[in-house]
Structure formats: structure tokens, C-alpha cells
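The values are calculated or read from the model by the stated rules, or taken from the named source; none is laboratory data. These numbers were taken from a predicted model, which means no experiment stands behind them. As a convention, Cβ positions derive from the backbone with ideal geometry for all residues, glycine included, and neighbour counts pool all protein chains shown. Side chains are part of the model used for accessible areas, which takes the heavy atoms of the whole protein and leaves out ligands, DNA and RNA. Shrake-Rupley method; radii C 1.70, N 1.55, O 1.52, S 1.80 Å.
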Amino acid sequence: MVEVTQLARPPVAPDKTFGLEAISMTKRFGDFAALDDVSIRVAPGTIHALLGENGAGKSTLVKCIMGYYAPTGGQVIVGTAERTIDNPRDAHALGLGMVYQHFTLVPAMTVTENLVLARDTLPPVFDWAKERAALNEFLDRMPFRVPLDAKVSAISAGERQKCEILKQLYLQRKFLILDEPTSVLTPQEADEVLGMLRGMVVAGELTILMITHKFREVLAFADEVSILRRGRLAGKGRVKELTPDAMARAMIGAEELAQAPARAGAFGAARLDIQGLTALDDAGQVAVNNVTLAVRAGEIVGIAGVSGNGQRQLVEVLAGQRDSEAGAVAIAGQAYRARREEMRLRKFSLLPEEPLRNACVARMSVAENLVFRKFDEAPFAGAGFWLNRGQFRDEATRKIARYGIKTRSADTKIGELSGGNVQRAVLARELSEGVEVLIAADPCFGLDFAAVAQIRAEIMDARNKGAAVLLVSSDLDEILELADRIVVMFHGALVYEAPAAQADLTAIGRHMAGH
Amino acid sequence: MTFAVTSKAIGGRLIGDRFASTAEVVVIPVIAVIAALIAFGGFVGLFGVNPVELYTDMYMGAFGTFFSWQNTLTRAAPLILTALCTALPAQLGMVVIGGEGALVMGGLCATAAGLALLGAPPVVVQLAMAVAGMAAGGFWIAFAGALRHYRGVNETISTLLLNYIAIAILNHLVEGAMRDPASLNKPSTHSIGDQNMIGLIPGLGVHWGILFGVVAALIAYILVFHTVFGFSARIAGGNLRAARVVGLPVGKLILTMCFLGGCSAGLAGMVEIAAVQERANANLAAGYGYTGILVAFLARQNPLACIPVAILLGGIGASGGLLQRRLDLPDASVLVLQGIIFIAVLASDTLYGRFKIFQSKAV
């Protein structure tokens, strides 16, 4: 048994880069085809982009290639020979490596330790002097360096991503699969990392298959592109011959998207007023540092920043999930402490990130989740205490129809709905009555195009009706599209502010990185 | 053929969401109890006892005769009430195991109230005892709730430790300040007086406590599932972050729910004194509080389901004597069975969502 497995692997890792071809890949989960007869061909010495919405099958495809999933059908050709890849170890032996969207480094260890520990086989006792010498010699051949003796927890996100890539190169991988490699980087860091990889590809040392949803990166760095939609190949071609519009159409298909209303109306008086707000994170460190910000009626203020710079804690304070250490929040001139009566009186609404975790009770029904804001007032509560279940159901029926929430029935547990439909339900609950203050935190994260378009249209609509909107997003494109005014948050403080019309992408990026 | 198609449709699609989840919470605990009974059958088999004979005897001892029904229901009464002490805070996601302590404090304070009012009309005495018992139990558990909300102390640990403290206070008082000098072998308080006992339900031979239990469970059920308060609590219990986002007063909910749970266990203590013991002594800490935890978990924390489950557990307790007499098993054998049931029920928690028949298809 052992011999057979070993014979199936090449004796040594390849020393040259190579292409890869997936033919008729199909992966079914029960009745559902996550991947349906998809073929892609990655030529050696190129960067190939894999575009698609969430749930289009991009991750499934690369997981089938890497051996995490056993495909229902299809073949993988590595270089010139067909290979059976039963598990990631087989893929590694063939010289295939993968860099994940989220870091797989141990934060408490140094870069050296992380790089060495990634090897498949480790000696019982380490000769660290020798390891370090070998690593230095390796780094001399690389286009970028990382601080070998620093702890991973002490280096920036950009450096961590470089470590992840160096780790793959150190392990002699000649074909890299990158899963949204720039999602945690500033635009400058993304350009730097991708630029260096581009250099190695052009030099013929590497071939890359990159999952992304950023057209900018596809246009700037990729040679060819394959586009997936609902598990099928929806388009492919050379990047030079394609326009962003054509790629977007292939990604979305003929689906009807909600049209965002045009920006309308003038700004009113300051409605949401944050004064010197300071808050700690769970570890007791200062996460929000003396933030002062006013949002006017009819205005969307977008807070940009690399995630982890205090945006989450800021939203949690405003949402009532976290106590502040200092400072004050006022709405329409009145002190606001996130109490239920204040929220009702001030028409305060919230679209949080991860709505299932932050705004819903997974094991309660859609109908119940839809009335969280008003179950204690008429007509839902008779005499102030008795629940009128009939009213719950009527309300749910109305909202499910109006917001197009796809659910089997109003009694279905909300935890069984897809992410987009959970967010639609929260949208229905939070935005269907008049809104005067809206906090939206990464409201579109992980959702499909149709849901994203609908949510952005609703936010714009709320703004046009005079709501003060605070939009916190790690997606810079979302902020650029929606915001009237952009501020950048770094290390808990607001470090940059500009009207959206005059926003300078370079300046925003520099401030996101803390320069 | 038609039948086959229909039954498949019922298994897969046509079951309504609510019906499917109700069926799941009934079927899985039943499976767990059956598994526990099989395991216990094996256990007694080791001692050379025929399991079939054992369960026949247990059934006779619990539900076989009028007398055994009386015994069972008498035991079920405090179990329903102490179960609510776990089931009510459980709506908020708390695991309170302080029923024993609340029962003891309730019984002790009820006795004190009864003794203080000795000579007043029985109705007044009984009412005062009930109020004192409920208040004592309520504040006892609310204290644990306050520790949790204001100081972040785990409520399971604090209520466990409060049990020991309550029992120690009981022993301290019945052997000291409240001791009736005439009680020699078993230190006890003075009697609350025969005229102040709450007596039996006519024709049933079971004391009124069972009615208290059933009414309390009904009220608790209505409170949890049909009122604004219960709905708020279920939101907070289901997802604290969501409760905060919609501005619910989480601290108030925790304290109130803990107080109500404690009230219920405190009432159980009052009933034990005023319907069974007549005076407070070490018998008060007979383990009803602990068995109540088992009842609540077996009932999936549903107040209404606590009633039948308490009767079942009461019956198992009632059959202990018969097992001892007929099969020569130690009286504590039924505690082994209770323990096995508890483990089986806790372990069965991992089965939820695993049976396809109960799952409605995701959209």
C-alpha cells in the first residue's frame, strides 16, 4: 500500500514551473452541484485569475485540485501528465501550493519558526543556526524579504501575506493557488505583493492561479481569466481582450439587479454626534482611541480601514454591544446610550457584519426575528405583555414578499437561510420603518451580487430620505461607491478625512497603512 | 405504492417546520431514556437480576397501584418546582443548578415565618410561609444572577457552591438557634403545627403541592412563550449580541428570570415543610433540587414538559423501595439509573440536527 502511494508521486519536487489543467471538474454535494463540468487551463509562467461571485464554485474548484475534496468527476493534468490527487500532501509533492485568504501562521512564533515548521518532515531536534543560515540563503534569492526574527504578531498584514507566499516558495512549490490574497491588504501592499509575484512569473519561476473578485487586480496583473457562475464556467479569455463590463456580465449573468437610486437631497444638521469616544477590545487594549465624528442628516460617512483597526469595537459601542471607556454619543442633540427606548425614539437602525451572529437568533423563526424591534408594542403586544402571534405572521408575510426573502415559510428557523437572505431579513427589520440614523458595518460581506445590489440600494435610499448613515467597511470600493465623505481609521483613531468627490486613493491607502 | 410515496413525502418534505422540530425534541430524549434503561438493565444483570423482572417491578412501584401513584405524585411535586429553577434561567442560556440550595433556603425561611406566626389563622400562616419561601429562594438564585451579570461569575459554579452554603446554614440553624430541644436523634426545628399543614387533595391522597407544581409550570410556560418578557428572554438566551443590538435590558432579564426560578424552588421547600415534614431538618436537603436539574434537561428546558418528566422521575424514585424489598437491590440503585439517564440525555444533545427526517431542506 505504502509503495503504491509513493510510486504515484514524483521522486523529487519539480525544479521548474509547470502548467495545470482541470478537465470537466464536477463536484456534487447531495443533489447540489457546486461545480458542474468546469474546465480551465493555466499555461506555465502565467497568472491566471479565477473570477466569480460568492458561491460560484471558485473555492470548490481549487479545493478539488488541491485534494481537499474528492471531485465527483473530472481530471487534473499537472504539467504534462494526468495525476490523481487524493489529499493535499499529494498536491504538495507535485509542487502545488496554496495560500489561503486567512493567515495560517502562528502569531506567537517568529517568522523563522513558522517557515521551518511548515515543512512536511521535521527533525527531532532543530539546529536553529543551520536553519537560519539556510533561510537567509533562500531569502537572498527572493525578490522580497521578511524580518526573520520578528514574531508574526508584531509584523503587518502585508508582511504576513509575504510570509505566507515565502513559505510556499521555501517549500519548493512551483505552482501557487492564491485565495483572495489581497483581501486583508491595503491597495499599496496588494500592488507590492502582486507586483513581486508578477516578476517571478515573468522570470519563469512560478505559475499562479489566483481567486479574486477585484477587477483592478485582474486587469493589472493577470494574463488570463476564467469566470465561474453558479458552478459553471461562464467565460474565459485573455485579460487584454476583455473589458471589466464584459467580465462583470459573465459573473452576474442575466440576473436582474436592484438599481441604486441616484444621490439626492442636501445635507441637514449633524444628527449622529460622536465625541471623544474611547473603547477597549476584548483583551483590554485600547481599540477605539478618542474618536470624534459627526454625521449629518442625508449624508453617508464611510469609515475605511484595514480590518482590525478598531472599526468593529466602534460599531459595537454604537450598537450597544460594548461599553465605552470615555466620550459620548448623541443623536439629534440628545445623549444616546443604546437603550431600547432611545433606539425607538431616535429611529436608530443597524446593519451589522455577520448578521446571524450579531442581529439574529438562529434557532428562532424568520417571523420572530423580523419583529425583534417592535414585538413589545402594539399591535404585536396586546395590553403591553401578551404576544399576538397572528400579527407576527402577518408582518412576516408582508416583509418576506416586499424584500424578496427566500424562505420556505415564516416559521423556518432563520439559521437555515442563506447569508444573503438572513441579511435581507435584517434589512427588512431595520429599514422598513423610517430611519434617522443607520449604522452599517460590512453589510455586504460574503453576499452575492443580487443581495449586495439590493442592500446598497436600500442604504442609498435611506440616505436620500434624510437618514444619517455611518458606513464601516473593509471594502474600499463599497465606500467609494456609497459614501459622501470618507474617513480612514488606523489603530483606533481617525487619521484622514475627505469628501468622496475629492478622495485620493493613494492618500487613503497611505493612511490605511498608517503613513 | 401510493402509501410508499406518501410516507416518503411525509418523511422528507411535507412535515411542517414546527412539527418537525417538535417531533425532534420529543423523540431524541425518549431514545436517550430508552438507551439509559438498556444500560441500567445490563448493570443490574451483573448482580444477577433479570432486567425484565426489574422493570416490571419498577413499573408496579411507580405506577402500578393507587398507592404507588400517590407516592410518585408526592415526589413529583417538588421536582416540577425545582426543575423550573433550572428551566427558567435556561431560557437566557444560563445553566443554574442551585435548585437544592433555593429549596433549602425556601423551606428554612418558610419554617421561620410559620413559627413566627404560630397562633395566627392557618390561611395567614400558610400564605406567609409561601411568600417567605418564594422570596428566600428567589433572592438566593437572583444573587447568583447578579454575580453573573455584574461580576462575570459563572452561574453554574456559583449556584453549585450556594447549594453547599444553604445546606450549611440549614444545619447550623437546626442544630443551634432554631433547634427544638425535644428533637434528640435528629436535630429539628419546632413543628409548625398540625393545623398549619396544607393537607391532601380530597380523594387523591396526594398533597396540594402537586397542584402548585402544575400551576407554576403552566404559568412559566405562558410567561416564556406568550409574553413580551419571555420573548425578550428567549432573544437574549438565543444570542446575547442580538439582544444588545435591539436594546433589550439584559441585566434586568437575568435578575428577574433567576428570581422567578428561585421562587419556584423556594416554593418547593415550603411545600416540603408544610405538606410533608412539618419541621425543618436535614431531610429538607433530600436531593429534589438535584433531580430537578435532570428533569429540566430531560424536558429540554420546556416548563410544560417538566410536568410529565417530573412524574416519570418521581416514579423512578418511588420504585426504589420496592426494588429493595423484592429484588434485594440497594435503595441507591435508582440513583444509578437517574445518573445514567442524565448522562444519556446530555450526550443525546449531539444528536440534534443529525436525523434527516427532522430536517427541513435548507433554502
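Points worth noting:
- Mean per-residue shielding of peptide A:337-345 is 2, counting Cβ atoms of other chains within 10 Å of each Cβ.
- Mean separation of Cα contacts under 8 Å, 6 or more apart, over the residue count of chain B: relative contact order %: 35 percent
- Between segment A:318-393 and segment B:99-113, the Cα center-to-center distance that results, in Å: 39 Å
- Relative contact order of segment B:122-193, pairs being alpha-carbon contacts under 8 Å that are 6 or more residues apart, as %: 14 percent
- For segment B:25-358, with all protein chains in place and a probe radius of 1.4 Å, 69% of the accessible heavy-atom surface sits on carbon or sulfur.
- When each of the peptides B:137-143, B:342-348, A:237-243 is scored by the mean number of other C-beta atoms lying within 10 Å of its residues, the order from highest to lowest reads B:137-143, B:342-348, A:237-243.
- Modelled FRET efficiency - R0 35 Å, B:ILE38 with A:THR84, Cβ distances, 0.05 increments: 0.15
- Solvent-accessible surface ranking, highest first, for B:TYR164, A:TYR100 at 1.4 angstrom: B:TYR164, A:TYR100
- Which of B:ALA168, B:ILE343, B:THR227, positive extreme of dipole for segment B:25-358 (C-beta unit charges): B:THR227
- Shielding of A:372-379 by partner chains, average beta-carbon count, 10 Å: 3
- Across segment A:205-302, Cα-Cα distances exceeding 17 Å account for 71% of all pairs.
- Dipole size of chain A about its Cα centre, with +1 on Lys/Arg Cβ and -1 on Asp/Glu Cβ: approximately 800 debye, rounded to the nearest 20.
- A P(r) calculated from all alpha carbon pairs of segment B:25-358, with 10 Å bins opening at zero, reads 6, 25, 32, 25, 10, 2, 0 percent.
- Gyration tensor over alpha-carbon atoms, segment A:426-479, equivalent ellipsoid semi-axes in Å: 18, 13, 9
- Segment A:142-166 and segment A:277-309: distance between their alpha carbon centers, rounded to Å: 28 Å
- Here the dipole of the protein assembly as shown is about 1180 debye; that uses its Cα centre as origin and unit charges on the Cβ of Lys and Arg (positive) and Asp and Glu (negative).
- Averaged per residue, the protein assembly as shown has 44 square angstrom of accessible surface, using a 1.4 angstrom probe with ligands and nucleic acids left out.
- The modelled label-to-label distance between A:LEU480 and A:ASP281, using points 7 Å beyond Cα along the C-beta direction, is 2.7 nm.
- Each of A:ALA70, A:ILE211, A:ALA401 was scored by the projection of its Cα onto the charge dipole of the protein assembly as shown, and the greatest displacement toward the positive side belongs to A:ALA401; charges sit on the C-beta of Lys, Arg, Asp and Glu.
- Charged-residue dipole, Cβ positions (Lys, Arg, Asp, Glu), segment B:25-358 about Cα centre, Debye nearest 20: 1020 debye
- Burial order of peptide ranges A:208-215, A:317-324 (average beta-carbon count within 10 Å, highest first): A:208-215, A:317-324
- Positive dipole terminus of chain B, leading residue within B:SER188, B:ALA274, B:THR256 (C-beta point charges): B:THR256
- The A-B contact accounts for approximately 2800 Å² of buried accessible area, totalled over both chains at a 1.4 Å probe radius.
- Among the residues of A:406-415, the average count of other protein chain beta-carbon atoms within 10 Å of the residue beta-carbon is 4.
- Relative contact order (%) - chain A, alpha-carbon pairs under 8 angstrom, separation at least six: 15 percent
- Judged by the mean number of other Cβ atoms found within 10 Å, the most tightly packed of the peptides B:127-136, B:145-154 leads the ranking B:127-136, B:145-154.
- The equivalent ellipsoid of the protein assembly as shown has semi-axes of 60, 35, 27 Å, largest first, where each one is the square root of 5 times an eigenvalue of the Cα gyration tensor.
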